[in-house]
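Before any comments, here is the structure.
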Amino acid sequence: QLQVVESGGGLVQPGGSLRLSCAASGFSLDDYVVAWFRRAPGKEREGISCISDTDGSTDYAGSVKGRFTVSRDNAKNTVYLQMNGLKPEDTGVYYCAAAERLLLFNLCLVSIYEYHYWGQGTQVTVSS
């Protein structure tokens, strides 16, 4: 059974940091493009960050670039999203998604329907 599970969310003050984890079971994440999406109530999922399955290339939404970092630990079959300098507008449910292939990696933030494996989400709340 292919499954990804997010963890690491919580309540943090503005300017604080969190590290989200995306752990896979039933398959090896190193063979997949992995993306982080987030959703606020009533809104569509927004692509936040992606990491390639080949050369380690990454991409970020403009709203998080310079503050968030996506990385892999293949030994742990886990992808991380390090979030620094958090802002209230970062609040939302964060989802990990995996795609065995994408038509174009440089579209990884918008190719939402190419991700077939999704976690249940982890809540991130940024508030003082």
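The values are calculated or read from the model by the stated rules, or taken from the named source; none is laboratory data. Since the structure is predicted, the reported quantities are computational estimates derived from the model, not experimental observations. When the accessible area is computed, the model is the full protein with side chains, heavy atoms only, and any ligands, DNA or RNA have been set aside. Shrake-Rupley method; radii C 1.70, N 1.55, O 1.52, S 1.80 Å.
Could you check how much of the accessible area of the chain is carbon and sulfur, as a whole percent, using a 1.4 Å probe? Before the final figure, lay out each step's value.
On the way: 3150 of 6660 Å².
Summing carbon and sulfur atoms, their accessible area is 47 percent of the total for the chain.
With every protein chain left in place, what is the accessible area per residue of the chain in square angstrom, probe 1.4 Å?
Working: 6660 Å² over 128 residues.
On a per-residue basis, the chain sits at 52 Å².
Taking every DSSP bridge with both residues inside the chain, close to 90 percent are antiparallel. Per residue, the convex hull spanned by the Cα atoms of the stretch 18-79 amounts to 104 cubic angstrom.
For the pair the stretch 19-47 and the stretch 87-119, the centres of their Cα atoms are 6 angstrom apart.
Please state the relative contact order of the chain as a whole percent: Cα pairs under 8 Å, 6+ residues apart?
36
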